[in-house]
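Only one structure is covered here, and it is reproduced in the block below.
The values are calculated or read from the model by the stated rules, or taken from the named source; none is laboratory data. Please read these numbers as outputs of a predicted model, since none were measured by experiment. Every residue, glycine among them, receives a Cβ derived from its backbone with ideal geometry; neighbour counts consider all protein chains shown.
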Ligand SMILES: Cc1cc2nc3c(=O)[nH]c(=O)nc-3n(C[C@H](O)[C@H](O)[C@H](O)COP(=O)(O)O)c2cc1C
């Protein structure tokens, strides 16, 4: 099962989540806002991949989403639950070159969340034209190609693990 969490206000994060979901045909995919996603919900489901979606607002990566991931991690660790894979995406309006520090911050947040065993190495960055959107031209294609790469990454890692057993 794949769980995609977002913190969308204007729907762009939801659009990214929906496009990513399409990259996992045959999987049970849930898309929820983090406010509707208590840690117990993640813990009580057989989640194989968590896709953590957040947004840059007021010059920072949403504090709310950061807190949410830390809380989920704490709950999972406390209950001895691990999730094999995590990947992240960020929606933002500013030029991505000016936000590389923020994207690293999201990556570090996921690395620090010890309940997740493997971290997809690149944060998917999704620029919007205005605060309300839409996504900039070309972003949807990037989301789809990244979704497929994430699927391939999981698949190859699973094969590697099987070969080691
Ligand atoms: C109050 C507010 C502050 C924002 N500040 C920033 C900012 O500092 N840098 C930036 O790149 N985007 C900023 N944005 C744009 C958001 O990143 C953009 O609205 C969001 O990613 C779109 O996703 P959503 O439709 O899922 O909410 C801001 C948006 C809002 C509403």
Scan segment 1-14 for residues that are buried (at least 17 other Cβ atoms within 10 Å of the Cβ) and either in contact with a helix residue (DSSP H, G or I) (Cβ under 8 Å, 6 or more places away or on another chain) or closer than 19 Å to residue 82 by Cβ (or both) and jot them down. 2, 3, 4, 5, 6, 7, 8
Take residue 161 and tell me if it is in a helix (DSSP H, G or I) and modelled with pLDDT under 95. yes
Considering only segment 66-102, state which residues are surrounded by fewer than 13 Cβ atoms within 10 Å (Cβ to Cβ), within 16 Å of the ligand (Cβ to nearest atom) and in a helix (DSSP H, G or I). 97, 98, 100, 101
Can you pull out every residue in segment 31-65 that is within 10 Å of the ligand (Cβ to nearest atom) and either more than 16 Å from the chain's Cα centre (by Cα) or assigned to a loop (DSSP other than H, G, I, E, B) (or both)? 57, 58, 59, 60, 62
Criterion (within 13 Å of the chain's Cα centre (by Cα) and at pLDDT 95 or above) met by exactly one of 99, 69: 69
More than 16 Å from the ligand (Cβ to nearest atom), closer than 20 Å to residue 11 by Cα and over 14 Å from the mean Cα position of the chain (by Cα): does that describe residue 147? no
Taking segment 109-144 and the residues there that are part of a strand (DSSP E or B) and closer than 16 Å to residue 49 by Cα, the one that is nearest to the chain's Cα centre (by Cα) would be 124
Which of the residues that make up segment 1-11 are within 13 Å of the ligand (Cβ to nearest atom) and either within 14 Å of the chain's Cα centre (by Cα) or at pLDDT below 95 (or both)? 4, 5, 6, 7, 8
Of 107, 30, 66, the only residue that is without any contact (Cβ under 8 Å) to a residue 24 or more places away in the chain, at negative phi and in contact with a strand residue (DSSP E or B) (Cβ under 9 Å, 6 or more places away or on another chain) is 107
Find all pairs meeting these conditions: Cβ atoms under 7 angstrom apart; at least six residues apart or on different chains; first residue within segment 9-22 and farther than 13 Å from residue 128 by Cα and free of Cβ contacts under 8 Å to residues at least 40 places away in the same chain; second residue part of a helix (DSSP H, G or I) and away from the ligand (no atom under 12 Å from the Cβ). none
Starting from segment 82-96, take each residue that is on the phi > 0 side of the Ramachandran plot and list its partners that are more than 14 Å from the ligand (Cβ to nearest atom), counting only C-beta distances under 8 angstrom and pairs at least six apart or across chains. none
Please enumerate the residues belonging to segment 18-30 that are buried (at least 16 other Cβ atoms within 10 Å of the Cβ) and either over 16 Å from the mean Cα position of the chain (by Cα) or closer than 21 Å to residue 73 by Cα (or both). 29, 30
Can you say whether residue 125 is touching a strand residue (DSSP E or B) at 6+ places or on another chain (Cβ under 6 Å), within 16 Å of the ligand (Cβ to nearest atom), free of Cβ contacts under 8 Å to residues at least 60 places away in the same chain and closer than 25 Å to residue 14 by Cβ, as far as the supplied structure shows? yes
